[in-house]
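One structure is given below, encoded as structure tokens.
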Amino acid sequence: MRMVCIVKFDPWNPEFIAHPYDAYRHLRENDPVGFFEPTGQWLIARHADVNALLRDRRLGRSYLHMATHEEFGRQPEPEFQEPFWRVVRAGMLDVEPPVHTRLRRLVSKAFTPRMVESLRPRVRKIATELTEGLVERGGGDLLAEVAEPLPVTVIAEMLGVPEADRHLLRPWSADICGMYELNPSLEAQHTAVRAAQEFAEYLRDLARIRRDRPGDDMISALAQVVDDGDRLTEDELVGTCVLLLNAGHEATVNATGSGWWALFRNPGELERLRADPGLMPTAVEELLRWDTPAQMFERWVLEDIEVGGVTIPRGVEVALLFGSANRDPEVFADPDRLDIGRVDNPHISFGAGIHFCLGAPLARIEMAESFGALLRLAPRLALAEEPAWKPSYVIRGLESLKVTV
Ligand code: HEM
């Protein structure tokens, strides 16, 4: 396996994407709060700073609750992007309180640890069936055949997306995520806008159907809230469902793929997990820490702040480097070592503060069950060829993961 040492932060370079950790170390040691000219953002590399800024209300996922683009000194987005932002800014992730509080409260009941624990038998059944399929075929692409369909099926069932339409979710999500990459190409922007538009239309139609004939699913429940008065607008309903469907699988797919790739590169740890499946809970956390599927999250600076002695002015964006925070030796002993039994593991992969991942308990169950099923049913699972990383950095994952059983 080739591991190139790149010490420059270079998110468009495939070799950096494959292994950003030397560059992160360099930043933490030399430039923990550094201005990155190509995107005009401040890069924040240390765990303590990332963790503190995620909880700091002087920063926000948006500034539009307090200022217009012009008042904040920013250019409005180009007109053609309007359908994209209309969908995205109607979901809880891209709004701040009080709207965030209201939207999050509406769906949070469905994602409490106890609620999602009740889904475990169903998750296990899906994971088992998918793994049996892979074993019967003598191997294949673990990513496409197990890692993707598991979380897509679970979140689609929760929301009530009919089986026949589920194949649409992955491509829509991937296209929408294209907009979150750094300086996306014009083509990627148009693709994201088109996907958001199609997804929104699809969900508007589905919500109408469920309003007339409710089922036992979340879209029916949310469609009811729209009918009940002004607690949820139709845009908010669509934005919430798009967010849940996308966030509900994108990161889990990538975390499962990267997690297996991490285990294949650390065969001693894979053997340790095979020998003691009781290590699964700490193994899941460690795999999420070691190679987090979301390398960076951004925040707008709403008031001047000081980070590590550097003043960052209102109106700019900070880029919080989750992948770097998760390898910070100030917080993690021997941070580059994969240790599936690591107990003291305050990784930042699910975020922190008010936007802390709503689906974390579900993601943990999905990962534990899919890793568990593969360990149980494919005891000789092995890598067939070295995988390649997708060209995206912010949302980072493998193209495929070919295995033999
Ligand atoms: C390994 C899998 C996952 C990872 C690593 C992950 C990571 C994250 C992170 C870091 C955030 C916060 C972003 C920020 O602060 O800017 C977030 C938010 C969110 N996640 Fe996840 N996520 C995962 C799985 C899921 C699943 C399965 C769901 C299910 C619905 C989900 C739903 C959400 C939602 C709704 C939010 C927005 C919360 C808010 O704004 O209050 N995620 N996720």
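How much accessible area per residue does the range 65-174 have, in Å², with a 1.4 Å probe? Display every interim value, and only then the final one.
Numbers: 5540 Å² over 110 residues.
Averaged over the residues of the range 65-174, the accessible area is 50 Å².
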Task: Kirkwood Rh in Å, taken over all unlike Cα pairs in the range 182-232 - done: 12.6
Task: Rg and Dmax [Cα atoms of the range 330-376; Å; Rg one decimal, Dmax integer] - done: 13.2, 37
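Share of the range 1-105's accessible area from carbon and sulfur, percent, 1.4 Å? Write down the numbers at each step before the final one.
Values: 2860 of 5490 Å².
The value for the range 1-105 is 52 percent carbon and sulfur by accessible area.
What is the percent carbon and sulfur in the accessible area of the range 121-171, measuring with a 1.4 Å probe over the protein chains and ignoring ligands? If you can, show how the numbers build up before the last one.
Details: 1190 of 2130 Å².
Its accessible area is 56 percent carbon and sulfur atoms.
What size of dipole, in debye to the nearest 20, comes out for the range 227-307 about its Cα centre when the only charges are +1 on Lys and Arg C-beta atoms and -1 on Asp and Glu C-beta atoms? List each step's numbers first, then the result.
Numbers: 6 positive and 17 negative charges, 161 e Å.
Rounded to the nearest 20 debye, it is 780 debye.
Using the Kirkwood formula over every pair of different C-alpha atoms, what hydrodynamic radius in Å results for the range 189-334? Write down the numbers at each step before the final one.
Working: mean 1/r = 0.0516 Å⁻¹.
With all distinct Cα pairs of the range 189-334 included, I get 19.4 Å.
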Open item on the list: What's the ranking of 256-268, 97-109 by average number of surrounding C-beta atoms within 10 Å, highest first?
Closed with: 256-268, 97-109
- [ ] Enumerate the residues in the range 142-170 having an amide nitrogen under 17 Å from the point lying 7 Å beyond the Cα of residue 198 toward its Cβ.
- [x] 162, 164-170
Open item on the list: How far apart, in nanometres, would the label points at residue 404 and residue 333 be if each is projected 7 angstrom from Cα along the Cα-to-Cβ direction?
Closed with: 3.8
TODO: Quote the charge dipole size of the chain about the Cα centre in Debye, to the nearest 20; the model charges only the Cβ of Lys and Arg (+1) and of Asp and Glu (-1).
DONE: 960
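One quarter of the convex hull surface, Cα atoms only: what value does that give for the chain in nm²? Intermediate results must be reported in sequence, preceding the final value.
Numbers: hull surface 76.9 nm².
In nm², the orientation-averaged hull projection of the chain is 19.2.
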TODO: Excluding residues on the same chain fewer than 8 positions from residue 109, give the lysines whose Cα lies under 29 Å from its Cα.
DONE: 125
Open item on the list: List the lysines whose Cα sits under 22 Å from the Cα of residue 390, skipping any in the same chain fewer than 8 residues away.
Closed with: 8, 402
TODO: Could you give the C-alpha radius of gyration of the range 1-145 expressed as a fraction of 2.2 N^0.38 Å, taking N as the number of residues it contains?
DONE: 1.48
Task: Positive-end residue of 283, 248, 225, charge dipole of the range 148-289 with Cβ unit charges - done: 283
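State the percentage of accessible surface on the range 324-404 attributable to carbon and sulfur atoms; use a 1.4 Å probe and exclude ligands, DNA and RNA. Walk me through the numbers before you get to the answer.
Details: 1690 of 3120 Å².
Roughly 54 percent of what the probe reaches on the range 324-404 is carbon or sulfur.
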Open item on the list: Are there DSSP H segments in the chain that both extend 27 Å or more along their axis (alpha-carbon positions) and score a mean Kyte-Doolittle hydropathy of at least 1.6? List them, or say none.
Closed with: none
Task: Theoretical FRET efficiency, 1/(1+(r/R0)^6), r = Cβ-Cβ of residue 274 and residue 67, R0 35 Å, to 0.05 - done: 0.05
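The values are calculated or read from the model by the stated rules, or taken from the named source; none is laboratory data. Computed from a predicted structure; not experimentally measured. Note: ideal-geometry Cβ built from the backbone for every residue, glycine included; neighbour counts use all protein chains shown. All accessible areas refer to the heavy atoms of the entire protein, side chains included, with ligands and DNA or RNA removed. Shrake-Rupley method; radii C 1.70, N 1.55, O 1.52, S 1.80 Å.
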